[in-house]
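The structure appears right after this line, and notes come after that.
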Amino acid sequence: MAQGWAMGAGMTLAILILAAGQSSRMRGADKLAEPVDGTALLSVVARRALDTGLPVWVTLPALFHPRGALLPRGAQPVPVPDADEGMAASIRAGVAALPATVSGVMILPADMPEITTDDMMQMAETHDGGILRATSADGTPGHPVIFPRYTFAQLQNISGDNGARSVIFANSDALRLCALPGTHATTDLDTPEAWADWRARQPG
């Protein structure tokens, strides 16, 4: 387990899991409740994050949304009243909820079943104070992305459904890449077809 990755006196890295989306492409199902090894995806992703030893925040459409029941003990929920706007609303709310002792945030969409605890630990250990973006083994950019505290004001001013791309672009000189195994950083499952294809490719 990680020991908090202290970054100066009392400072630490946090993980922010984005789980406030509408799951609109699932045609009535909730992708974050889809089972992975018998457990709801959101529970799996949050547990993997907690197993790093870092503090974990999770954005939800509302504080008492059904997804809240999927969170393991220790994950801190963050309601996003304007979640319909898109990913930017989740990022704004999540970053605003972080305490002053957080010196950087690892932002991870919750619909990525291949991201492991080891992947998150590798990201945290590689982070050197700038922006660190995960890539697949072939170099394709993906998630998670670590943002340092000096970008937090910019993150709280983004809008729409393009996430934090504008912040990455504006700070491109500080961007570094971290290759994760296989397609861990680029596999996100948004549709029933994507889920079926992914399950068909799993061993066993």
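The values are calculated or read from the model by the stated rules, or taken from the named source; none is laboratory data. What you see is a predicted model, and the numbers here were worked out from it, not measured in a lab. A quick note on method: Cβ atoms are made from the backbone with ideal geometry, for glycine too, and the neighbour counts reach across all protein chains shown. Ligands, DNA and RNA are excluded from the accessible area calculation, which covers all protein heavy atoms including side chains. Shrake-Rupley method; radii C 1.70, N 1.55, O 1.52, S 1.80 Å.
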- Give just the number: which of (1) open to solvent by 10 Å² or more (accessible area, probe 1.4 Å); (2) over 21 Å from Gly21 (Cα atoms) does Pro109 not satisfy? (2)
- Task: Tell me which residues, restricted to the stretch 112-153, are open to solvent by 10 Å² or more (accessible area, probe 1.4 Å) and either aliphatic (A, V, I, L, M) or farther than 18 Å from Leu13 by Cβ (or both).
- Result: Glu114, Met121, Ala137, Asp138, Gly139, Thr140, Pro141, Ala153
- Sort through Gly74, Gly68, Gly86 and tell me the only one that's of a type outside the set (A, V, I, L, M, F, W, C) and open to solvent by less than 20 Å² (accessible area, probe 1.4 Å). Gly86
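So that you can scan it fast, the table gives a plain yes or no per residue for (1) open to solvent by less than 20 Å² (accessible area, probe 1.4 Å); (2) touching an Asp or Glu at 6+ places or on another chain (Cβ under 9 Å):
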position	(1), (2)
Leu155	yes, no
Asp161	no, yes
Ser166	no, no
Pro181	no, yes
Thr187	yes, yes
Ala200	no, no
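Return a yes/no flag: does the stretch 154-167 have any residue that is aliphatic (A, V, I, L, M), out of contact with any Leu (no Cβ under 9 Å at 6 or more places or on another chain) and farther than 28 Å from Met26 by Cβ. Reasoning before the result, please.
Here is the first cut: in the stretch 154-167, the residues aliphatic (A, V, I, L, M) are 155, 158, 164, 167.
Filter again for out of contact with any Leu (no Cβ under 9 Å at 6 or more places or on another chain), leaving 155, 158.
Now narrow it down to the ones that are farther than 28 Å from Met26 by Cβ: none.
Scanning the stretch 154-167 turns up no residue that is aliphatic (A, V, I, L, M), out of contact with any Leu (no Cβ under 9 Å at 6 or more places or on another chain) and farther than 28 Å from Met26 by Cβ.
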- Item | Single condition Pro79 does not satisfy, out of (1) open to solvent by less than 40 Å² (accessible area, probe 1.4 Å); (2) at pLDDT 95 or above; (3) within 28 Å of Ala194 (Cα to Cα) | (1)
- Would you please list the contacts, defined by Cβ atoms under 6 Å and residues six or more apart or on different chains, that run from a residue in the stretch 65-79 that is free of Cβ contacts under 8 Å to residues at least 12 places away in the same chain to a residue that is open to solvent by 30 Å² or more (accessible area, probe 1.4 Å)? Gly68/Pro77
- Filtered residues of the stretch 14-65 (kept if crowded, with 17+ Cβ neighbours inside 10 Å, of a type in the set (Ser, Thr, Tyr) and over 26 Å from Ser103 (Cα atoms)): Ser23
